[in-house]
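Worksheet for the structure shown next.
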Amino acid sequence: MDQFNYLILAISMTMWCIIHSALISNQFKSFMSSKLGSRIRFYRIAFNLFSLITFIPIIFFALSIRGEYIFSWTGYLKLIQGFVLFISLYLYFSGARHYDALQFLGIRQLKNFSNHKTLTDSGYLDTRGILNVIRHPWYSATILILWARNVDFSALIVNVILTLYLIFGTYLEEKKLVVEFGDAYRLYQKKVSMLFPYKWVRSKILGGTIL
């Protein structure tokens, strides 16, 4: 019975990711824009609500089939867990200084009667602050938070699928950003890491800076 439940969970999570990705794709948004006209400004908030409403039952199901922990943050590992959570919160708040939260939620579109592409406050390519260290701090923070919890088998399924989806989704988003910003974004990709700041760390080490 447990194996069947885990299979259902894996299928549900995978289908949610596929549908979520399809609904946010440029092709589908262009199709909806041609059908909705000026009402496309409601799309982002409707998309967010649909994603949330369909995600909640999956999470409740995952919680209902929880088993024994495969891995738990105990003893000295709690210090590492605390550090990971601190980094996650830092990435969220640092990213929030550059991203337009109202646009992310879909509220800005309703106020401005338009549908925006970029999520930055300025509407232009922003490479300041944390965005000069990693290109997608919110996605990095989400991955860290996923793994900064005790893991049973149902949590492992959710974590693996969502982590793979976030990585794959980031690559898809990068393609949109290249189309939007062109060579400027390609140069940005060469200089700054996507999710984990290995280029920044490498530059600090080679530059003789003590981290």
Q: Being surrounded by 11 or more Cβ atoms within 10 Å (Cβ to Cβ) and touching a Phe, Trp or Tyr at 6+ places or on another chain (Cβ under 7 Å) narrows it down to one of Gly82, Gly67, so name that one.
A: Gly67
**Q.** Residue list for region 9-25, filter: part of a helix (DSSP H, G or I) and surrounded by 14 or more Cβ atoms within 10 Å (Cβ to Cβ)
**A.** Leu9, Ala10, Ser12, Met13, Thr14, Trp16, Cys17, His20, Ser21, Leu23
**Q.** region 175-198 residues that are more than 19 Å from Thr163 (Cα to Cα), paired with ones that are among the hydroxyl-bearing types (Ser, Thr, Tyr) and assigned to a helix (DSSP H, G or I) (beta carbon under 7 Å, 6 or more apart)
**A.** Leu177/Tyr185; Val178/Tyr185
Q) Could you count how many residues in region 63-82 are among the polar types (S, T, N, Q), in a helix (DSSP H, G or I) and free of Cβ contacts under 8 Å to residues at least 24 places away in the same chain? A) 1
Q | Single residue of region 114-147 satisfying the filter (at pLDDT 90 or above and among the polar types (S, T, N, Q)) that is surrounded by the fewest Cβ atoms within 10 Å (Cβ to Cβ) | A | Asn132
Q: Return the total of residues in region 148-158 being surrounded by 17 or more Cβ atoms within 10 Å (Cβ to Cβ) and part of a helix (DSSP H, G or I).
A: 5
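The values are calculated or read from the model by the stated rules, or taken from the named source; none is laboratory data. Values in this document were obtained by computation on a predicted structure and should not be read as measured data. No Cβ is skipped: glycine too gets one built from the backbone with ideal geometry, and neighbour counts run over all protein chains shown.
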